[in-house]
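S.K.: Take this structure first; my questions come after.
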Amino acid sequence: MKINLSVIIPVYEAQKTLARTINSINNQFISDKDLKVELILIIDDGKKYNKFLPKLKNNFYLRIFKTNGIKTGPGNARNLGVDKAKGKYIGFLDADDEWSDNYLEKMYKLVKLNSIAFSPTYVYENDKLIKKFEGQNTGYLQLSDIGKVPCSFHPFIKKSEQIKFKLLKSQDVYNTSYILNRYKTKIKVADGVYYKLNIQKNSVTKEEGYSHKINLAYKKYQIISQKEKQNKISRVFAIRRINNLKYIEWSDTNTGGYYDYLSKKGI
C-alpha cells in the first residue's frame, strides 16, 4: 500500500490528550479517496497507549514505535518518526495539540505544489483562544517572522527535504528557521485553517525556570548558526532572546504563563 503522508506525533505523558489529538486528524475531510495517511506515534515515556486510541476511519493507518529511553525529547522522537515514515510527505503534530477542520486537505495541496507548507498557529488555553500567530505579510511566512513570534510553526514538508532535529529545547523553532532560510523566499501559508496549540496545566511553558532554559537553548542556536554562517537564523534567536528576557522581568512580579504575558503585551 502506498502511503502519501506520514504524520509524526511524539508522545510523552499524553494519556488525557492523545485521543482528542488523533481525532482532530481522524475527522478531517478528504476529497481524494486515494490519499493514504499514516499516523506515527513515537512513545517517549515507555507506557502503553492502546486503550486511549480511537478507531481510525478509512484512509488513516496507525504505526507505533518507542524511543530508546524515557523522556529522550521531542527532537529525538521526531527524528525516529522521520526515519520510520513511509510517506513522500511528512507532517507534525504534538500529542496535546490539534488541527482545525480542513487542515489536512489544504496543507496537503500546498505541500504537493511547493514541497513545503505552513499554517497559522492559534494558541488556546481551556478551549479559549488566547492569541493568533501568523506571518507579517498576509498569506505568507518568512524567516523574519520567526524572531517576532514566540510560538512554533509545524510544517508539512517533502520527506527528502527534512533535516534532522536538534536535541535541544525549541528544536521545532530551529527546524522552521532553517527551512525558511533555505528557501530564501516567503512561503505561502494555508488560508482558513490553523494549527491549534493547546496550553495545558502541566505545559512546559509553565514549568519553573522554563524561560531560563529556553534562553540557553536560543543562545546555543545562535552559536550553531554563527558557526554555520547562517547569520539570518542567528538574528532570529537573538530577537527571541530579547523578548524572552522581557518575559523573565515581567514574571518576577506577575502571575500567569508565557502566552498570557504575550497576549497582554500585544506581542
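The values are calculated or read from the model by the stated rules, or taken from the named source; none is laboratory data. Please read all numbers here as calculations on a predicted model, not as lab measurements. Heads up, the Cβs are rebuilt from the backbone with ideal geometry, glycines too, and the neighbour counts pull from every protein chain shown. Ligands, DNA and RNA are stripped out before the accessible areas are found, and what is left, the full protein with its side chains, is counted by its heavy atoms. Shrake-Rupley method; radii C 1.70, N 1.55, O 1.52, S 1.80 Å.
S.K.: What is the gain in length, in nm to one decimal, between LYS109 and LYS184 on full extension, counting 0.36 nm per residue of separation less the C-alpha to C-alpha distance?
M.R.: The LYS109-LYS184 span can extend by a further 24.9 nm.
S.K.: List the residues, sorted by chain then number, that are 5 or more residues from LYS169 or on another chain and whose placed amide H is less than 5 Å from its amide H.
M.R.: Those qualifying (amide H under 5 Å, at least 5 residues apart or on another chain) number zero.
S.K.: Would the stretch 87-129 count as rounded, prolate or oblate if I go by the C-alpha gyration tensor, calling it rounded below 1.5 in a/c and otherwise prolate when a/b exceeds b/c, oblate otherwise?
M.R.: Prolate, since a/c reaches 1.5 and a/b exceeds b/c.
S.K.: If the only charges are +1 at each Lys and Arg Cβ and -1 at each Asp and Glu Cβ, what is the size of the charge dipole of the chain around the Cα centre, to the nearest 20 debye?
M.R.: On the way: 48 positive and 26 negative charges, 159 e Å.
Roughly 760 debye for the chain.
S.K.: I've got another one for you. To the nearest 0.05, what FRET efficiency results for LYS229 and LYS71 with a Förster distance of 30 Å applied to their C-beta separation?
M.R.: 0.35
S.K.: Percent relative contact order of the stretch 52-147, based on C-alpha pairs within less than 8 angstrom and at least six residues apart?
M.R.: Taking the mean separation of contacting Cα pairs over the length of the stretch 52-147, I get 11 percent.
S.K.: With a ≥ b ≥ c taken as the square roots of the eigenvalues of the C-alpha gyration tensor of the stretch 1-137, please select rounded if a/c is under 1.5 and otherwise prolate if a/b is larger than b/c or oblate if it is not? Spell out each step's value before the answer.
M.R.: On the way: a/c = 1.43, a/b = 1.14, b/c = 1.26.
Because its axes are fairly even, with a/c under 1.5, the stretch 1-137 counts as rounded.
S.K.: Which longest run of the chain has no exposed loop site in it, a site being GluC sites (Glu not before Pro) in a DSSP loop with at most 12 other beta carbons within 10 Å, and the site itself not part of the run? Can you show the working numbers first?
M.R.: Numbers: sites that count: GLU207, GLU208, GLU228.
The longest such stretch corresponds to 1-206.
S.K.: Which whole-Hz couplings ³J(HN,Hα) result when phi for each residue of the stretch 11-19 is put into the Karplus expression 6.51 cos²θ - 1.76 cosθ + 1.60, θ = phi - 60°, listed in order with x for Gly and Pro?
M.R.: 10, 9, 6, 10, 4, 8, 10, 4, 4
S.K.: Once amide H atoms are built 1.01 Å from N in the peptide plane, which residues 5 or more positions from LEU62, or in another chain, come under 5 Å H to H?
M.R.: Sorted by chain and number, the residues that satisfy this are LEU39.
S.K.: Relative contact order (percent) for the chain, with alpha-carbon contacts under 8 angstrom and 6 or more residues of separation?
M.R.: 19 percent
S.K.: Under a crude label model (7 Å from the Cα following the beta-carbon direction), how far is ASN58 from LYS132 in nanometres?
M.R.: Between ASN58 and LYS132, the label points sit 3.5 nm apart.
S.K.: What value, in deg cm²/dmol to 500, does the helix sum -39500 (n - 2.57) over DSSP H runs of n ≥ 4 give at 222 nm once divided by the residues of the chain?
M.R.: Using -39500 (n - 2.57) per qualifying helix, the result is -11500 deg cm²/dmol.
S.K.: Considering amide H positions built from the backbone, and no H for Pro or chain starts, which residues 5 or more places from ILE130, or on another chain, come under 5 Å of its amide H?
M.R.: VAL123, TYR124, GLU125
S.K.: Would you indicate which of (i) 31, 22, 17; (ii) 37, 18, 16; (iii) 28, 21, 19 is the value of semi-axes √(5λ) of the Cα gyration tensor in Å derived from the coordinates of this structure?
M.R.: The listed entry that was calculated here is (iii).
S.K.: I would also like to ask the following. Leaving out ligands and nucleic acids, note down the accessible area per residue over the chain with a 1.4 angstrom probe, in whole Å².
M.R.: Per-residue accessible area for the chain comes out at 49 Å².
S.K.: In a shell of Cβ-Cβ distance under 10 Å around LEU180, excluding LEU180 itself, what net charge do Lys and Arg (+1) and Asp and Glu (-1) give?
M.R.: +3
S.K.: Residue by residue through the stretch 46-54, which ³J(HN,Hα) values in whole Hz follow from phi under the Karplus form 6.51 cos²θ - 1.76 cosθ + 1.60 (θ = phi - 60°), with glycine and proline marked x?
M.R.: 3J(HN,Hα) across the stretch 46-54, in whole Hz: x, 9, 9, 10, 3, 6, 9, 8, x.
S.K.: Sticking with this structure for a sec: With a 1.4 Å probe and all protein chains kept in place, how much accessible area does LYS220 have, in Å² rounded to the nearest 10?
M.R.: LYS220 exposes around 100 Å² with every protein chain in place.
S.K.: In the stretch 20-65, which chymotrypsin sites (Phe, Trp or Tyr not before Pro) are in a loop and have at most 12 other Cβ atoms within 10 Å, using DSSP for the loop call?
M.R.: PHE29
S.K.: Which whole-Hz ³J(HN,Hα) couplings does the stretch 218-226 yield from phi under the Karplus relation 6.51 cos²θ - 1.76 cosθ + 1.60, θ = phi - 60°, glycine and proline marked x?
M.R.: Coupling constants for the stretch 218-226: 4, 4, 5, 5, 4, 5, 4, 5, 5 Hz.
S.K.: Charges at C-beta only: +1 for Lys and Arg, -1 for Asp and Glu. How large is the resulting dipole of the stretch 93-171 about its Cα centre, in Debye rounded to 20? Don't jump to the answer; show the numbers that get you there.
M.R.: Values: 12 positive and 11 negative charges, 90 e Å.
It works out to roughly 440 debye.
S.K.: Sticking with this one: Would you mind computing, in nm to one decimal, how far apart the modelled labels at ASP34 and ILE239 are, each placed 7 Å from Cα along Cα→Cβ?
M.R.: Reported label-point gap for ASP34 and ILE239 is 4.2 nm.
S.K.: Okay, moving on. List, in the order given, every pair from LYS2/LYS112; LYS88/LYS184; LYS131/LYS164; LYS86/LYS112; LYS166/LYS220 whose Cα-Cα distance in the structure shown is over 18 Å. List each step's numbers first, then the result.
M.R.: Working: LYS2/LYS112 16 Å; LYS88/LYS184 23 Å; LYS131/LYS164 29 Å; LYS86/LYS112 16 Å; LYS166/LYS220 11 Å.
Over 18 Å Cα-Cα: LYS88/LYS184; LYS131/LYS164.
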